[in-house]
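K.L.:
Here's a structure for you.
The values are calculated or read from the model by the stated rules, or taken from the named source; none is laboratory data. Here the structure is a predicted model, which is why all the values come from computation and not from measurement. Please note: Cβ atoms are built from the backbone with ideal geometry, for glycine as well, and neighbour counts cover all protein chains shown.
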């Protein structure tokens with residue numbers, strides 16, 4: 001990839017699955033009873049927990065160990081195949097007990113849906129990591145784009161016909177698995193025949209074990225509340241909370257999550273080439289870019305909360321969503337800085353021990369506050385617990401990660417972002433009175449345009465270049481790079 005257009009094509013395509021799931025989570029509120037919607041959300045939630053805990057560390061390990069190598073050798077490919085297959089098989093083996101604990105009344109349906117989701121997502125992760133190792137970004141774009149379309153069409157059709165959680169869950173998994181299977185068949189045609197090594201697994205598991213533990217701790221901080229809600233208030237309450245969570249968190253992470261998937265391998269290469277000082281400058285720039293993207297989105301959502309809920313959600317969901325959005329947007333900004341900036345330092349420097357320390361106390365506090373607050377105040381308590389947990393976890397990660405990759409905190413740049421977002425939010429709030437009698441869709445369209453123009457103007461007044469933020473997100477920490485460089489060009493040289 002050597003042209004900026006190639007990068008934006010890649011970014012748009014990696015956004016596609018997230019956009020597809022966001023659209024589905026909104027549409028399904030109208031096609032399913034609230035309780036069925038809650039069960040669908042629980043299948044996705046538990047499936048993501050199993051996948052993150054059991055397989056995400058393999059992606060990180062593979063990218064870390066293969067950085068700078070030309071091609072995936074047969075023994076390394078065989079080891080990756082064994083690790084990925086074994087992790088997915090373990091997830092399937094654990095799924096019955098998880099299903100029984102999560103949904104005792106409809107355990108068999110939930111279990112089948114969970115097994116399908118685990119296998120389908122496992123195939124997707126394996127297909128993508130092979131392409132990432134080979135730096136075949138264009139193919140990643142195609143796979144993710146096609147998968148997004150397949151998910152959206154298949155799940156929407158099935159949900160409209162059945163109005164149940166079970167069939168749409170299977171459709172989601174089948175669409176993902178089929179697309180991944182086709183891509184794997186094509187990828188293996190260009191690779192040497194894998195050989196299964198007898199050694200190397202202990203080192204991989206030693207690397208991965210802290211990541212597995214921390215993934216479970218992450219689950220406690222970000223997903224455990226849904227299981228607690230299900231226990232105390234039932235699946236319908238899970239549905240109400242998940243709908244608010246979707247419109248409060250998904251837009252904030254929409255761009256920063258795929259951007260992180262693209263820039264993390266670049267951070268690893270920067271660390272290998274320039275050591276901690278170079279990687280620290282990279283981190284400072286990514287922190288500012290994360291603030292630009294996430295804080296801006298959070299302020300816009302908070303001001304347009306009534307309009308968003310009114311347009312996207314049925315009547316029964318709206319009041320709950322408006323009440324929860326301030327807590328969810330705040331927590332989403334905090335957790336984005338943690339996941340997509342500070343935690344990358346631990347992965348890059350292979351300090352999984354510190355990563356584990358950074359997660360332990362926040363996860364314990366999160367579990368206690370979830371049970372205490374949700375048992376008392378229901379889904380409103382879940383929002384409060386999210387604020388407490390994300391604040392503590394981000395502070396912990398920030399403090400410990402800077403011991404690994406120290407960098408000058410760009411306070412002036414971050415302050416400029418906050419001032420710009422506050423200014424744009426004030427302009428939008430003033431404009432709300434002018435748009436009060438418009439339809440929700442018109443208010444959102446006009447409000448988004450007003451906020452975007454005001455935010456961009458304020459950022460530029462503080463010296464930001466919008467083009468630079470988009471093309472060199474790592475160079476926003478206030479230290480000018482030695483020579484002009486774009487994201488796409490940098491990726492091309494790294495490749």
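K.L.:
Is it the case, given these coordinates, that residue 232 is assigned to a helix (DSSP H, G or I) and more than 19 Å from residue 394 (Cα to Cα)?
P.N.:
Values: assigned to a helix (DSSP H, G or I): yes; more than 19 Å from residue 394 (Cα to Cα): yes.
Against the criterion (assigned to a helix (DSSP H, G or I) and more than 19 Å from residue 394 (Cα to Cα)), residue 232 qualifies.
K.L.:
Going residue by residue through segment 181-191, is there one that turns out to be at pLDDT below 95, outside the structural domain of residue 367 (by TED's automatic domain parsing), over 18 Å from the mean Cα position of the chain (by Cα) and not in a helix (DSSP H, G or I)?
P.N.:
Yes - at least one qualifying residue is present in segment 181-191.
K.L.:
Scan the helices (runs of 4 or more DSSP H) fully inside segment 238-356 and keep the ones with 2 or more residues being closer than 23 Å to residue 128 by Cα and in contact with a helix residue (DSSP H, G or I) (Cβ under 6 Å, 6 or more places away or on another chain). Let's see the steps before the verdict.
P.N.:
Details: elements: 256-303, 305-312, 315-337, 343-349.
By residue number, 256-303, 343-349.
K.L.:
Run down 126, 188, 110 and say which single residue is out of contact with any strand residue (DSSP E or B) (no Cβ under 9 Å at 6 or more places or on another chain), in contact (Cβ under 8 Å) with a residue 24 or more places away in the chain and over 21 Å from residue 60 (Cβ atoms).
P.N.:
Details: 126 fails: over 21 Å from residue 60 (Cβ atoms); 188 fails: in contact (Cβ under 8 Å) with a residue 24 or more places away in the chain.
Criteria check complete, one pass: 110.
K.L.:
Might you check whether a residue that is crowded, with 17+ Cβ neighbours inside 10 Å and under 21 Å from residue 31 (Cα atoms) occurs anywhere in segment 216-223?
P.N.:
no
K.L.:
Quick test for you: out of 171, 180, 141, pick the one residue that is touching a helix residue (DSSP H, G or I) at 6+ places or on another chain (Cβ under 6 Å) and more than 27 Å from residue 60 (Cα to Cα). Show your work before the answer.
P.N.:
Values: 180 fails: more than 27 Å from residue 60 (Cα to Cα); 141 fails: more than 27 Å from residue 60 (Cα to Cα).
Within the list 171, 180, 141, the selection yields 171.
K.L.:
Of the residues 290, 369, 391, only one is surrounded by 19 or more Cβ atoms within 10 Å (Cβ to Cβ) and under 30 Å from residue 476 (Cβ atoms); which?
P.N.:
Details: 369 fails: under 30 Å from residue 476 (Cβ atoms); 391 fails: surrounded by 19 or more Cβ atoms within 10 Å (Cβ to Cβ).
From the options 290, 369, 391, the qualifying one is 290.
K.L.:
Sort out which residues of segment 416-426 are in contact with a helix residue (DSSP H, G or I) (Cβ under 6 Å, 6 or more places away or on another chain) and either surrounded by fewer than 19 Cβ atoms within 10 Å (Cβ to Cβ) or farther than 13 Å from residue 303 by Cα (or both), and write them in order of number.
P.N.:
Start the filter on segment 416-426 by keeping residues that are in contact with a helix residue (DSSP H, G or I) (Cβ under 6 Å, 6 or more places away or on another chain), which leaves 417, 420-421, 423-425.
Passing the criteria: 417, 420, 423.
K.L.:
Here's a follow-up. Just checking, does segment 82-93 include any residue being buried (at least 17 other Cβ atoms within 10 Å of the Cβ) and over 28 Å from residue 188 (Cβ atoms)?
P.N.:
no
K.L.:
Looking at segment 136-153, can you tell me whether even one residue there is part of a loop (DSSP other than H, G, I, E, B), within 23 Å of the chain's Cα centre (by Cα), assigned by TED's automatic domain parsing to the domain that holds residue 15 and surrounded by fewer than 20 Cβ atoms within 10 Å (Cβ to Cβ)? Lay out the reasoning, then the answer.
P.N.:
Looking only at segment 136-153, we keep the residues that are part of a loop (DSSP other than H, G, I, E, B), and these are 136.
Then keep just the ones that are within 23 Å of the chain's Cα centre (by Cα); that gives 136.
Among the residues that remain, those that are also assigned by TED's automatic domain parsing to the domain that holds residue 15 are: 136.
Of the ones still in play, those that are also surrounded by fewer than 20 Cβ atoms within 10 Å (Cβ to Cβ) are 136.
Yes, that holds for at least one residue.
K.L.:
Filter segment 192-229 down to the residues that are without any contact (Cβ under 8 Å) to a residue 24 or more places away in the chain and part of a loop (DSSP other than H, G, I, E, B) and list them by number.
P.N.:
198, 199
K.L.:
Among 407, 398, which is outside any helix (DSSP H, G or I) and either touching a helix residue (DSSP H, G or I) at 6+ places or on another chain (Cβ under 7 Å) or in contact (Cβ under 8 Å) with a residue 40 or more places away in the chain (or both)? Write out each step before concluding.
P.N.:
Working: 398 fails: outside any helix (DSSP H, G or I).
The match here is 407.
K.L.:
Given the residues 364, 332, 337, which is the only one that is in the same structural domain as residue 286 (by TED's automatic domain parsing), more than 24 Å from residue 409 (Cβ to Cβ) and at pLDDT 90 or above?
P.N.:
Checking each option against the conditions leaves just 364.
Conditions (1) modelled with pLDDT of 90 or more; (2) assigned by TED's automatic domain parsing to the domain that holds residue 169; (3) in contact with a helix residue (DSSP H, G or I) (Cβ under 8 Å, 6 or more places away or on another chain); (4) surrounded by fewer than 21 Cβ atoms within 10 Å (Cβ to Cβ), marked per residue:
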site: 63; (1), (2), (3), (4): no, yes, yes, yes
site: 69; (1), (2), (3), (4): no, yes, no, yes
site: 78; (1), (2), (3), (4): no, yes, no, yes
site: 112; (1), (2), (3), (4): yes, yes, yes, yes
